[in-house]
Amino acid sequence: MNHLSSIFNHYVQQFCVFVAISVLGIGAVAQTSAEEEGAVAAAMAAMDAFMLGFNGRDPEAWAASLNYPHVRFASGTVTVWDSAEDFSQTRAFETLPRSGWDHSHWLTRDVVLVSSEKVHIATVFQRFNSDNEVLATYESLYIVTKMDGHWGTQARSSLAP
């Protein structure tokens, strides 16, 4: 178990380095090329699929918008899902409505790092109640990757609970 814990900690440290590099690169001007523009378009489409599955309260569609292993940093914890099957067992659609949540949407999505197979996107999103009143606004970082031809969110870090 210590070996697995050591490996997990190593990957968490690597992810934190990627997050730090992304935040430092926010002011950098990204090179544009047809390949990078295609990557950004695909990453944005994956994030749209993420939000559609989430707002539709459809665990399978939401899980299909991700790449695995999928990592989430939030609420002082790190959660890793190894597969879509694991992720689709989420209890988010039981717990979030108890907070008054009905739906969410992106306010901003700013590309901060891009390559042909990975895009880091700094976001601001809002959560709403059923009367379309804002419950909260959160900043986050999404890392969207291309794996086996599939674009999906592979890691996300937010200040949302």
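Throughout, read-outs are computed from the coordinates displayed, never taken from laboratory work. The structure presented is a predicted model; accordingly, all values stated were derived computationally and were not measured.
Descriptive notes on the structure:
- Integer Hz, Karplus 6.51/-1.76/1.60 couplings in order for region 79-89, x for Gly and Pro: 10, 10, 10, 7, 8, 4, 4, 4, 5, 5, 7
- Residue-wise HN-Hα couplings along region 114-124, as the Karplus relation 6.51 cos²θ - 1.76 cosθ + 1.60 with θ = phi - 60° gives them from phi, are 9, 9, 5, 10, 7, 9, 9, 10, 7, 10, 10 Hz; Gly and Pro carry x.
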